[in-house]
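S.K.: This is the structure I want to talk about, given as structure tokens.
The values are calculated or read from the model by the stated rules, or taken from the named source; none is laboratory data. Keep in mind it's a predicted model, so treat the numbers as computed, not measured. Accessible surface areas use protein heavy atoms only, side chains included; no ligands, DNA or RNA. Shrake-Rupley method; radii C 1.70, N 1.55, O 1.52, S 1.80 Å.
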Amino acid sequence: MDLNQILECISKWNDLRVAKDSDTINSLFKEGNSFLFETDNFVTGKDIFMHVYPGVTSEGELKFFLISSQNDNDEICASAESAAPYITVCDLSENEILGGGIDPKDAVGRIENWKHYHTEWIHNQVNTPENIFQAFVIPSEDIINGDDLRIYLGLKNVESGFEADLIIYDSVGNKVSLNSQFYDMVRLVPPFGPGALQQSDFYLLQAK
């Protein structure tokens, strides 16, 4: 996909958010609970993050677009090469919940929450001020290039009910996370603003 096609997909997802079309959003997740990310040549580092954008193709398929925060900016996108070579396109697919070597029960619980409650959660979430997520942010410092990451959708328990989450499973290292605090790794946007992630850091959201 070229950059314009990717931006159109991200825009279609946002159109569904704005329309609060929870029925269509829920239908997109019928195809699976996770996606596979092959980390070859992904830019990592202490202050570098993985930005994960959901998008919807013209055929009505849900895709996830992954790009390093280092490349998610106007300078890269405006270049002759554009940001497309730095964006990995991942397909949603259905997978069993992790393998036998997985220990942290919290990870499995969050994946199970998505399985059982995401339909109701989406119906409720689109009517909140923050609406459903536009992107996820994952620290990249411990990502090992060459490992295949199976990334599961999850719902974590918060005071107000549930919050969307991604659970990262390293299929090479056979572990749930890239560090022991896996359940505190992922952030989502919105919210934006003081003390939170800034919208200006997400060029693909602004460029759509």
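S.K.: List, in order, the whole-Hz ³J(HN,Hα) value for each residue of segment 16-24 obtained from phi through the Karplus relation with A = 6.51, B = -1.76, C = 1.60 and θ = phi - 60°; use x for Gly and Pro.
M.R.: 3J(HN,Hα) across segment 16-24, in whole Hz: 5, 4, 4, 6, 6, 8, 5, 5, 5.
S.K.: Could I ask something else about it? So what is the relative contact order of segment 1-130, in percent, for Cα pairs below 8 Å that sit 6 or more residues apart?
M.R.: 30
S.K.: So, one more: Quick one: of 46/115; 63/105; 20/156; 30/156, which pairs are farther than 25 Å apart, Cα to Cα?
M.R.: In this structure, 46/115; 63/105 exceed 25 Å between Cα atoms.
S.K.: Ranked from the most accessible area to the least, with a 1.4 Å probe and all protein chains present, what is the order of 105, 12, 63?
M.R.: Solvent-accessible surface, decreasing: 105, 12, 63.
S.K.: State the percent of C-alpha pairs, over all pairs in segment 1-40, separated by a distance greater than 14 angstrom.
M.R.: 63
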